[in-house]
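Structure first, commentary second.
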Amino acid sequence: MPQGFSPFPVTLDCAAILERLPVALALVDADNGHFITANEAFRESFGNPRDSFTHWWQAVHRPSSSASGTASAPTAPDSSTRESIESDMYGIDGSLHHMRTQVRPHGNHLLICLTDLTDSDNRQDLLRQALAEMETRSITDPLTGLLTRRRLEEASLSEMHRFRRFGHPISLIIADIDHFKLINDSFGHPVGDEVLVEFAVRLASECRDLDVIGRYGGEEFVILLPSTPLAGAFTLANKLRSAINQAPFDPVGPVSASFGVAECIAGEDWNTWMTRADKALYRAKSSGRNRVVAAPESAFDERDIKHRNRLDRLTWEDGHCVGDPVIDAQHHHLFELANRLLNQIREASPPADLHATIRTLVQATSRHFRDEEAILKALDYPRCDQHAKSHRILSAKLDALSSQSALGTLPTSKLIEFLAYDLVDHHALGADRDYIPWLRRAPRVEESGAPD
C-alpha cells in the first residue's frame, strides 16, 4: 500500500460504509484528482490506486485503435459527467470486467462508483443504500444526532430565501454551554460528550417540529426558527435556558448556558445575521452568563404575527409554484382546504363540519405525499428517503389531530399551528422547494394525478 494511503482515513465518517460494501468505491480529492481512499472491493479488483484517477483510468483500459489509427481509451468521467459510463476494464489479475462508472461530488471529494453489470440489480441496490447512508451521515452530527453546521447553513439560506420572497419572519438562537472547558478538564471528554448529548435532548424537547436544530461546533448550538419574530425567539430562548437549569446533568451537576437571539432583517446575508446573534451571545457571556440577550433589530410584532396566522387567509401566489403541474395543483388544493378549515374556525362551525374537512385534508395530503414521492423517485432526488420520512411525520400529526377532532378535544390553536406552520409554511413552501433544481434538470413529459 502506498505511503499516506489508508482505507480508513480518520477524517471520513463514511469509511466504514465504503469498506464493507461489495461495490467498488473510492474517494478522490476534487482539487488535485488523486485517490484518497478505496474500499476492499475496489482493491480486490484493481489493486491499490497509486496515481491520479485520470492516470489510473487510462491504465485499466487497454487502448483500442480508432478510425484514425491511433490508440485511445474512453475519456475518464468527472463531476460534470451526469450520465454513467459503461466500459470494459482489466482487473489486477488481467480479467475483463464490464463496468458502469459514476462520479458524484461529495463535499470536497469525488465519489467513484464502479458497478459490475453482471450482477446489476443487487449491486445497484447496495450502491443506493450506501449513497443514502453517506448523505445522512454528511448532514448529521454523529454525537448528538443534530444537523451539522453545513446542513444548518443550507437550511438557513433556504429560509432566508422565503423571508425575502414571501415576508415570513425568521429568527435564530445561538446557545453556548457555560464553562464547558471546565467540565472537560474536571470530568474528562467522555463525560463532556454525555453533557453535549443531554444538552441537545433538552433543546429538542422545547422546540417545534419545524424548528431546525444543529450543532454548530464544540459546545455551541444554533436553532433556526421559521415563521418566528424576535419576540417569539426571545421567549423560546428563555424556555430553553430554564430547561437546561431544571435538573442537574449526571454526573457533573448543574449546568447553565448563555443564549444570543437575532431576527433576520431585510438586506442582510447569513454571515451578517449570524454575527449579530453571536454578538448578543457575547454580551450574555460577558454580563454574567446563564442569560438571554437579543439583538434589538426587528421588523415584526409578535401579536401581529399571531393575529395574521389566525385570521387571514393563506394566500396562494405564483411564486409558490415549484414547476411540476401535479405537485403545484395539489399544493394549491391543500391551500384551499387549509383556508376552508380556517374559515370554519373563525365562524365557529359545528364540530362535525370541522371534522369532515379535516378528513378531506387527510385524504388529499395522503394522495399528495404518494404522488410527490413517486415523482421524486423518478427524478433520482438524493434526499427522497428523508423527504418521505418528513411526510410520515406530518401524516402522523394530522392523524392525531383528526382523532382529537373526532373526540371533540382538538384545540383550535394546535390545528392552526399545523396548517400555517407545519403543512404550508415549513413543508409546502420550505422542504418542497429543495427539489426544484431536480425538477428543472429533468422536466416530466407526461403529467397526471391532479386533484379532482
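The values are calculated or read from the model by the stated rules, or taken from the named source; none is laboratory data. This is a predicted model, so every value here is computed, not measured. Cβ coordinates were reconstructed from backbone atoms using ideal geometry, including for glycine residues, and neighbour counts include every protein chain displayed.
Scan I345, I416, I375 and give me the residue that is more than 23 Å from T228 (Cα to Cα), assigned to a helix (DSSP H, G or I), among the hydrophobic types (A, V, I, L, M, F, W, C) and touching a residue at least 40 places away in the same chain (Cβ under 8 Å). The unique qualifying residue is I375.
For the range 365-374, the count of residues that are of a type in the set (A, V, I, L, M), assigned by TED's automatic domain parsing to the domain that holds V424 and within 23 Å of P437 (Cα to Cα) is nonzero. Where residues in the range 161-184 are of a type in the set (A, V, I, L, M) and out of contact with any strand residue (DSSP E or B) (no Cβ under 7 Å at 6 or more places or on another chain), which of them is surrounded by the fewest Cβ atoms within 10 Å (Cβ to Cβ)? Only one residue tops the list, namely L182.
Of the residues H368, H387, the single one that is of a type outside the set (A, V, I, L, M), modelled with pLDDT of 90 or more and surrounded by 14 or more Cβ atoms within 10 Å (Cβ to Cβ) is H368. Looking across E317, E297, one residue alone is at pLDDT below 85 and outside the structural domain of E198 (by TED's automatic domain parsing). It is E317.
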